[in-house]
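The values are calculated or read from the model by the stated rules, or taken from the named source; none is laboratory data. Just so we're clear, the structure is a prediction, and the values are computed from it rather than from any experiment. Neighbour counts are summed over all protein chains in view; Cβ atoms, including those assigned to glycine, are modelled from backbone coordinates with ideal geometry.
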Amino acid sequence: MEWSVYVQRSMNKAAAAESEKKLPRRRSLVERCPYLYVLPATLMFVGLVAYPILWVIGESFRGASGKDFVGFSQYVRAFSDPVFWRVLLNMFYWGAITIPVQMVLGGSIAYLIERHTSRSRTFFRVMFFLPVVTSVSVVSIVWAQMYAPYYGIVQEYLKYIGVQLTIAPLGEPSIAIFALILVNIWQWTGFSMIMYIAGINSIPSELFDAALIDGAHGWNLAIRIVVPLLSPVTRSLLLLGVIGTLQTFPIVHLMTGGGPDHASEIFGTYIFKQGFVIGDSGYSSALSVLALFLALALSVLQIAVLGSRLSPQTRRPAT
Amino acid sequence: MTAAGRNVSAGRRIVGSAFAKRHQLRPSFGFYAKIILTVLLALWMIPEVYMVSVSLRPPDKSFDPSLFVLPITFDNFATVIHDNPLLRFFWNSLVITIGTVLVVLVAGSMFAYAASVLRLKKTMLIYIILLTTLMVPVASIVLPLAIMLKSFDWINSYQGLVLPYAALGIPYAIVIIKAFMDDSPRDLFEAAMIDGCTTLQMFFHVALPLVKPALIFVAIWQFIVTWNEFFLALVVMTDSEHKTVTLVPMQYSGMYMANPGALFAILVIIALPLILLYIFVQRYFIAGLLSGAVKG
C-alpha cells in the first residue's frame, strides 16, 4: 500500500471529521467512489471497442446471412481466396515501403531542420507537416488528377527527366499499389519528422558536447550518436507504422477502390466491399478478425522483442 | 503551485532549445542544408500548389498538364460557394470534432488522473486493456459499429460519430496525459492532500494545470484526426444533410468530373481551414511535443 494513499485516507477522514464539526458539507459522489474517474473511458471502451470486437468474432463463424453457424468455413474460404493473399501481399508492400522510407526521409528532414536552421525553423516544420493536416480525401483527388493519363502532371514532368510513362499509374495492376504507397509516404512523412524533431530536442546537449569534443562531426555525429539516441522514436514509429498500415483505407478507397481487378485491394477496402457492398457479413467479419489478429500479433511481437512503445515517452516501466 | 508548474515547463523548454542554440555547426554545411531543405520542400509542395493552381484556372485551361497556368481566375470559388451548401458540411464537422475533442479530454484526463495520481487498484490493468484499442484497425470494427449505431437509430446523428471517435481516441489521450502526470512532482499532490483537498479539487486545481501542455497537445491532435477521419464517417453519415467535410470531395468528384477547376476550388475550401488552424496553433502543438508529449 502506497503511503500516499494512507495519507490521503487519513486526510480524508480528518477533513470529513472537521467538516462534520464546522460546516456539514456532503462529500460528493466521486469522493465516495473514486472509480467514477475510470468509468467514462472504460464504458466507452467496453461499448464501442470491446463489444464490436466480440461481435465480429462471433459473426465470423456464421454464414453470409449472419444466421446459420458455419464453424471455421469463412476462414477456410479466406485462405483459399486469391484476393485475400493479394491483400496480405499489398499490406506487406505497404508497410515494408512506407515505414522505412518515412523514417529515413522524416528523420533526415528533422535533423537538417533542427541542426541547421534557426530563423526558418518554424517555417520548415510547418510546411513539411502540412500534408498531414490536409484532408485525406482532398489528397486522394489531387493525386488522382496528377496521376491521370493525358492531362496529369506526373507523366508530363517525368518526360523532362527522360521517363516516358506509357501507362496510367492507377490503371495498371502491377504498379497501382506502389502509386498509392507514394501518396501515403507523401502524406505521412511529416508525422515521422515531427516525432524525430521531438526526439532530437530531448537529447541532452551534454551528449552533443561530449561527442563534439571527442571529434565526432557531420556524418559521424549523425549516424553514430543521433541515430542510436533516437531509437525510442524509431521503435514507436515502427509500431505506429504497422498499425497505420492496417488502418489504411481512404487513399485506396478513393483513388482505385482496390482495383483494377483487386490489384490494390487492402484489408479496409476488402472488408468494406464484403460487408457493405456485397452484404456478406460473415466473410467480412472473418476478414476483420484476421486483420485484427494480425495487428495485435505484430504489435505484441514488437513490444516483446523490441520493447516498442506506443508513445516513446512512456519510457518508464509502468508501475 | 502554478508557479512551480510554470517553472517545470520553462525548464523543459530551455532543455529543448539548448541543443538548437548551442550546436550551430560550421556555417558552410548549414548553408547547404538550407538549400537541400528548400529544394525538397519545393518538391514536397507540388501537390498542394497543384491543388491551388487548378482551382484558379478557367474551364478551358483546367486540363493543362502543367503546374502553373495563367491567367488566374476566382470564378470557380464564386460558382461553388454560390451553388453548394458547403457551410452545412463545415458545421457538421465542427460539431462532431469539438464534441469528440471534449469527450476525449474529459474522459482521458479523468482516467489518467485515477491511474497516475490516485493510483486506484486495478487501474493499471484496465489501462493496459484500454491500450489495445490503439492496435485495433478501424476496418475490423466498422461493420459491428454500423449495425450497433443503426439499432440505436444513431445513423446520421452527431453522437453516432462522436462516441466511436472518442472511444478510439481516448486511449492515446490517456497515454499522453498519464505520462505528464507521472512526471509531475508527487509532493504537489501530497501537499494538496495534506491541505485537505478533495480528489476533485486536486484534479481541477493541481493535476490539470500541471498537464496543460499535454491537454493542448491532445486537443490539437485529436482535432486534426477527427476532422479528417473518413472510414467511419462514410459508413455512419449516409444522407447529405449530415455529411462531414471529408466526405464532400467524393460527392462532388462525380458532379464536377468535367470541370476540375470547380472541384479543386471545393478541395481548397475544404483543406484550407484546417491548414490555417494548424498554422495558428502549431506553436502550442510543438511546445507540447517538446515539453515531453513525445520523448526520445
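Structure notes:
- Filtering segment A:72-111 to residues that are outside any helix (DSSP H, G or I) and closer than 18 Å to A:H262 by Cα leaves A:S80, A:D81.
To keep it simple, each residue is scored yes or no on (1) surrounded by 15 or more Cβ atoms within 10 Å (Cβ to Cβ); (2) at the interface with another protein chain (Cβ under 10 Å from one of its Cβ atoms); (3) hydroxyl-bearing (S, T, Y); (4) not in a helix (DSSP H, G or I).
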position: B:P47; (1), (2), (3), (4): yes, yes, no, no
position: B:Y50; (1), (2), (3), (4): yes, yes, yes, no
position: B:S53; (1), (2), (3), (4): yes, yes, yes, no
position: B:D60; (1), (2), (3), (4): no, no, no, no
position: B:F63; (1), (2), (3), (4): yes, yes, no, yes
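- Hey, B:V248 within 18 Å of B:A271 (Cβ to Cβ), modelled with pLDDT under 90, crowded, with 19+ Cβ neighbours inside 10 Å and out of contact with any strand residue (DSSP E or B) (no Cβ under 7 Å at 6 or more places or on another chain) or not: yes
Rundown of residues vs (1) over 13 Å from the mean Cα position of the chain (by Cα); (2) within 30 Å of B:S140 (Cβ to Cβ); (3) part of a loop (DSSP other than H, G, I, E, B), yes/no style:
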site	(1), (2), (3)
B:P209	yes, no, no
B:F223	no, yes, no
B:T238	yes, yes, yes
B:E241	yes, yes, yes
B:G261	yes, no, no
B:I269	yes, no, no
B:P273	no, no, no
B:Y284	no, no, no
B:L290	yes, no, no
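- Within segment B:118-154, the set of residues being within 9 Å of another protein chain (Cβ to nearest Cβ), assigned to a helix (DSSP H, G or I) and farther than 30 Å from A:F272 by Cα comprises B:L118, B:T123, B:M124, B:I126, B:Y127.
- Counting the residues of segment A:171-217 that are within 16 Å of the chain's Cα centre (by Cα), within 12 Å of chain B (Cβ to nearest Cβ) and not aromatic (F, W, Y) gives 9.
Residues are listed down the side, and each one gets a yes or a no for (1) part of a helix (DSSP H, G or I); (2) in contact (Cβ under 8 Å) with a residue 40 or more places away in the chain; (3) touching a Phe, Trp or Tyr at 6+ places or on another chain (Cβ under 8 Å):
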| position | (1), (2), (3) |
| --- | --- |
| B:Y32 | yes, no, no |
| B:I72 | no, no, no |
| B:F90 | yes, yes, no |
| B:L102 | yes, no, no |
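- Among the residues of segment A:258-268, not one is surrounded by fewer than 24 Cβ atoms within 10 Å (Cβ to Cβ) and within 11 Å of chain B (Cβ to nearest Cβ).
- Unique match (being in contact (Cβ under 8 Å) with a residue 24 or more places away in the chain, farther than 20 Å from A:S192 by Cα, within 7 Å of chain B (Cβ to nearest Cβ) and of a type in the set (V, I, T)) among A:I153, A:I141, A:I113: A:I141
- Yes/no for B:A265 being crowded, with 23+ Cβ neighbours inside 10 Å and closer than 23 Å to B:R57 by Cα: yes
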